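Notes follow the structure.
Here, each number is a calculation from the coordinates, and none is a lab measurement. Predicted, not measured: the structure shown is a model, and the values here were computed from it. For neighbour counting, all protein chains shown are included, and Cβ atoms are generated from backbone atoms with ideal geometry for every residue, glycine included.
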Amino acid sequence: MMKKLYLILTVFMFSQFGNAQANNSYDQLWQQVDKHELENRTKSALQVVETIFSKAKEENNYTQTIKALLHKSAYVMTLEEDAELNIVNEFKSEIELADAPTKQILHSHLANLYWQYFQYNRYKFYNRTTTESKVDPIDFRTWDLNTLFKEIDEHFSASLMSAEKTQSLPIS
């Protein structure tokens, strides 16, 4: 009995050690990101975040994937023209590939991106005429107010799908 208990404890400890190492590698990478941010080296921070993003996707680590995608979005906003469009398109493509709960979280963030865009560009939307359909289905910057609000509503609603499954997931 004692040998079995010892064997079980040993296996458990080694399995936890592997998880700690995986978290440690992410922690080390995020420390590099923080260092680059403090030094105002946005491109360098973006490169590390892209490494984290690729690694997290490969390991199906949805918390790190989402965190990396959000950081990546912030850096891209600083570095690129037409950043809003590129970020929204990346969120859309990630939503297509993602499983629950990542999909719901990304839907929520995408709806929030649309909402923030509206908040900062409200004056543009108030002068636009309503159209029957999306003028350009890819470029949300050309949409009228009703179309944008429908899209925001669709994504917030999609973020609430599979609530039971999402609620059963551990938070940490």
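Of interest is the spacing of the C-alpha centroids, which for the stretch 82-127 and the stretch 37-65 amounts to 19 Å.
If you take the beta carbon distance between residue 43 and residue 130 as r and set R0 to 45 Å, what does 1/(1 + (r/R0)^6) give as a FRET efficiency, to the nearest 0.05? With R0 = 45 Å, the Cβ-Cβ based efficiency is 0.65. When each of the peptides 27-33, 70-76 is scored by the mean number of other C-beta atoms lying within 10 Å of its residues, the order from highest to lowest reads 70-76, 27-33.
Note on residue 79/residue 119: beta-carbon distance plugged into 1/(1 + (r/R0)^6) with R0 of 22 Å gives a FRET efficiency of 0.50.
Rg and Dmax, both from the Cα atoms of the stretch 91-172 and both in Å, are 14.6, 46. Rounded to 0.05, the FRET efficiency of the residue 145 and residue 100 pair, given R0 = 41 Å and the Cβ-Cβ distance, is 0.85.
Applied to the stretch 95-100, the Karplus parametrisation 6.51 cos²θ - 1.76 cosθ + 1.60 on θ = phi - 60° returns per-residue 3J(HN,Hα) values of 4, 4, 8, 7, 10, 5 Hz, with x for Gly and Pro. Full extension of the segment from residue 161 to residue 70, taken as 0.36 nm per residue of separation minus the current Cα-Cα distance, would add 30.6 nm. Take the Cα of residue 58, step 7 Å toward its Cβ, do the same at residue 86, and the gap between the two points is 2.3 nm.
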